[in-house]
1. Test of understanding: what is the full-extension gain from residue 61 to residue 79, defined as 0.36 nm times their sequence separation minus their Cα-Cα distance?
2. Could you please state, rounded to a whole Å, how far the C-alpha centre of region 95-162 is from the C-alpha centre of region 37-60?
3. Bin width 10 Å, alpha-carbon pairs only: give the P(r) of region 33-100 as whole percents, running from 0 to the bin holding the largest distance.
4. Binning at 10 angstrom from zero up to the longest distance, how are the C-alpha pair distances of region 42-174 distributed in percent?
5. Residue 157 to residue 133: FRET efficiency via 1/(1 + (r/R0)^6), r the Cβ-Cβ distance, R0 25 Å, to the nearest 0.05?
């Protein structure tokens, strides 16, 4: 039986590892290459079109507190200037028109941003599920290797097996 330690490295934004486990153990699996752990943020960013990237930048900046402060400052400054110069007197038709046009444009930009955010969350959930499944499988393989090693060196593993079975029974989902 040979168990080598894993060597991990980052290759092009993707973490990969390689581990070899060969054993003549019952039910053992030869694992020569661990699946890659993807950088979901980079993968999502690469999938965006140029228009979507622009919409994302605009949506990110309009959702910032500085954008709210800027909108408030513009209105606070515009109202007295409009009244004093009589260029845009009360009810401030030009200010309202500009504000409404800007809001109409931003509605669609924010909708695109929300769709992108939803797609990113879905992609992350899929990758997380895949990674967790691989980890659980790897843990199960390690568990079998350890039980086999303990059996070969004639350790009493009945208590350990009972605890593992109890954990498995307790963890049964709905």
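None of the figures in this text is laboratory data; all of them are computed from the coordinates on show. Please read these numbers as outputs of a predicted model, since none were measured by experiment. A quick note on method: Cβ atoms are made from the backbone with ideal geometry, for glycine too, and the neighbour counts reach across all protein chains shown.
1. Length gained, residue 61 through residue 79: 4.0 nm.
2. When both Cα centres are located, 19 Å separates them.
3. It works out to 16, 27, 22, 16, 10, 5, 3, 0, in whole percents.
4. Calculated over all Cα pairs of region 42-174, the distribution is 9, 21, 16, 13, 12, 11, 8, 5, 3, 1 percent.
5. 0.45
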